[in-house]
Amino acid sequence: MIERLLDRHLDDAAQAQAREGQWLPALWAEVEEMGLPLALLTEDQGGFGLSFEEAGEALRLLGRHAMPLPVVETMAANQLLAAAGLPLAEGAAGLARADDLKLIDGRLTGTVPRVAWGEQIGCLALAVGDRLYRVPRSGWSVAEQGTSLNFHPRPSLAIDWAVDASAPLPHCPLAAGATVRAFQIAGALEAALAMTLDHTATRVQFGKPLQKNQVVQHELAKLAGELACATAAADLAGEALARGDTLGVAAGSLRAREAAGTGAGIATQMHGAIGFTREHRLHLYTTALWTWRDEFGGQVFWATQLGRAAITAGGQGYWPMVTAL
């Protein structure tokens with residue numbers, strides 16, 4: 001069902017509109033009708049009750065189609081809100097952590113940087129310290145416009161909201177965001193590999209397809225290897241998030257992000273100059289990979305978490321720490 005929906009709506013024209021910052025209302029309406037924003041919730045919470053494998057495949061599909069709207073952010077935000085016992089999002093939602101916000105006399109103020117489609121979402125699942133807040137659209141204004149590397153809106157939001165509901169934070173939104181991004185990365189790398197295989201099989205240089213060149217074959221094998229690593233890493237992050245293991249999320253997310261950078265580079269190189277152009281469909285995936293690699297913590301953040309854990313474990317505890325991930 002997801003595949004058919006995305007095939008029907010996400011043609012080149014729709015992707016171009018999203019890259020101009022235009023919301024796609026018909027696509028979002030069908031996404032909501034299908035129930036995708038609730039897909040990560042249990043049946044008791046009003047969701048699909050998907051198994052881990054089914055949920056992961058749904059997230060990978062969204063990456064494989066370079067979904068331009070904040071669907072995975074809404075899925076993760078609703079999962080977080082449900083776990084905290086707060087009302088679910090009505091429409092699209094954002095997911096963020098901003099520990100430098102101030103809570104004075106019951107009013108939350110400060111700036112949350114670079115929120116996906118911040119002007120279009122209806123609420124924000126926002127963590128500050130050990131509390132989770134469900135901030136409605138009336139609780140912020142746009143402080144600064146911005147775009148991501150894949151040309152989608154990423155405005156910074158100025159929060160000024162009289163708090164009417166909050167709850168203890170059930171799990172870190174950065175971990176939730178990093179996990180869904182890992183699955184998206186795996187899906188986008190799958191699409192990039194398929195496009196690269198097709199291009200190198202049909203593009204003829206010096207009388208033979210590029211794919212017949214041994215160096216090209218070597219690079220294709222590396223790209224396939226990065227896809228395999230990203231897929232396994234996303235599964236690792238998903239399993240870790242389900243059991244509340246932030247260190248496992250760090251390991252899985254970091255490896256998926258490394259695969260995003262390496263895989264995007266190989267796919268672009270194998271396409272040659274045409275792979276750099278905005279007009280070529282590969283550009284949807286390479287720019288998405290670069291964007292997703294850097295969001296919800298980024299490589300440095302998650303590498304730092306692993307490094308600190310390794311130092312804390314010490315010489316005797318390092319290997320048990322690694323094998324426990």
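The values are calculated or read from the model by the stated rules, or taken from the named source; none is laboratory data. Owing to the predicted nature of the structure, the values given are computational and were not obtained by experimental measurement. Neighbour counts run over all protein chains shown; Cβ positions are idealised from the backbone, glycine included. Accessible surface areas use protein heavy atoms only, side chains included; no ligands, DNA or RNA. Shrake-Rupley method; radii C 1.70, N 1.55, O 1.52, S 1.80 Å.
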Cα-derived Rg to Rh of the range 75-146, Kirkwood definition: 0.93
In Å², nearest 10: area of PHE276 left accessible to a 1.4 Å probe: 150
Column: log10 I(q)/I(0), Debye, Cα scatterers of the range 127-210, q = 0.17, 0.18 Å⁻¹: -0.94, -0.99
Normalised contact order of the range 27-97, rounded percent, pairs of Cα under 8 Å and 6 or more residues apart: 30
Crossing angle, helix 71-84 versus the chain [Cα axis fit, 0-90 degrees, rounded to tens]: 30
Pairwise label distance in nanometres, GLU43 with THR312, each label 7 Å out on the Cα-Cβ vector: 3.8
Gaussian network model of the chain, springs between alpha carbon atoms under 10 Å - residue of PRO168, PRO113, PRO25 with greatest fluctuation: PRO25
Kirkwood hydrodynamic radius (C-alpha pairs) into Stokes-Einstein, the range 164-308, 20 °C and 1.002 mPa s, D in µm²/s: 134
Positive-end residue, the range 103-250 charge dipole about Cα centroid, Cβ charges, pick of VAL216, ALA182, ALA237: VAL216
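Expected output is a single nm value to one decimal: the length gained when fully extending between ASP100 and GLU239, i.e. 0.36 nm times separation in residues minus the C-alpha distance. What is it?
Taking ASP100 through GLU239 to full extension adds about 47.1 nm, to one decimal.
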Neighbour cut-off at most 15 other Cβ (10 Å), DSSP loop, GluC sites (Glu not before Pro), the range 82-181: GLU90, GLU119
Candidates ALA259, ALA89, ALA14: whichever shows maximal mean-square fluctuation once the chain is modelled as a Gaussian network with Cα springs under 10 Å: ALA14
Farthest toward positive dipole pole in the chain [+1 Lys/Arg, -1 Asp/Glu at C-beta], among THR268, LEU69, GLY129: THR268
Computed helical MRE - 222 nm, the chain, DSSP H runs ≥ 4 contributing -39500 (n - 2.57), nearest 500: -18500 deg cm²/dmol
Size of electric dipole in the chain: Cβ of Lys, Arg +1 and of Asp, Glu -1, about Cα centre, debye, nearest 20: 940
Counted charge near THR287, where neighbours are those whose Cβ lies closer than 12 Å (Asp, Glu -1; Lys, Arg +1): +3
Solvent-accessible surface (1.4 angstrom probe) belonging to THR109, in square angstrom, nearest 10: 50
Other-chain or far-sequence residues with amide H under 5 Å of ALA93's (modelled H): THR74, GLY122
Separation of alpha-carbon centers, the range 81-136 and the range 198-225, rounded to whole Å: 47
Using alpha-carbon coordinates, inclination of helix 298-324 to the longest axis of the chain, degrees: 90
Crossing angle, helix 246-271 versus the chain [Cα axis fit, 0-90 degrees, rounded to tens]: 40
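If exposed trypsin sites (Lys or Arg not before Pro) are those in a DSSP loop with at most 15 other Cβ within 10 Å, what is the longest stretch of the chain that has none?
My reading of the result: 1-202 is the longest stretch.
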Entry for Kirkwood radius over Cα pairs in Å (calculated from the structure that is shown) out of [x] 21.5; [y] 20.4; [z] 24.6: [y]
Antiparallel bridges, percent of DSSP beta bridges restricted to the chain (to nearest 5): 85
Accessible area (Å², 1.4 Å probe, nearest 10) - LEU149: 100
Mean accessible surface per residue for the chain, computed with a 1.4 Å probe while every protein chain stays in place, in Å²: 44
Amide H within-cut-off set for ALA143, under 5 Å, with H built and near neighbours excluded: SER156, LEU157, ALA158
Karplus 3J(HN,Hα) series, Hz, for the range 199-213 with 6.51 cos²θ - 1.76 cosθ + 1.60 (x for Gly, Pro): 5, 6, 7, 9, 7, 9, 10, 6, x, 8, x, 3, 5, 7, 7
Share of carbon and sulfur in the accessible heavy-atom surface of the range 167-253 [1.4 Å probe, %]: 58
Probe 1.4 Å, all protein chains present, accessible-area order of THR312, THR231, THR111, THR286, largest first: THR312, THR111, THR231, THR286
Amide H within-cut-off set for THR111, under 5 Å, with H built and near neighbours excluded: ILE159
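If you stretched the chain out fully between ALA143 and GLU3, how much longer would it get, using 0.36 nm times the residue separation minus the C-alpha to C-alpha distance? Before the final figure, lay out each step's value.
Working: separation 140, 0.36 × 140 = 50.40 nm, distance 3.64 nm.
Residue separation times 0.36 nm, minus the Cα-Cα distance, leaves 46.8 nm.
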Whole-Hz couplings from phi, Karplus 6.51/-1.76/1.60, listed for the range 142-151; x for Gly and Pro: 7, 7, 7, 6, x, 9, 8, 5, 9, 6
Percent accessible area from carbon and sulfur atoms, the range 1-138, protein chains only, probe 1.4 Å: 48
Choice from PHE151, PHE301, PHE183 showing the highest fluctuation, given a GNM over the chain with Cα pairs closer than 10 Å: PHE301
From phi via Karplus (6.51, -1.76, 1.60), per-residue ³J(HN,Hα) for the range 156-163 in Hz, x at Gly/Pro: 8, 10, 8, 7, 8, 9, 7, 5
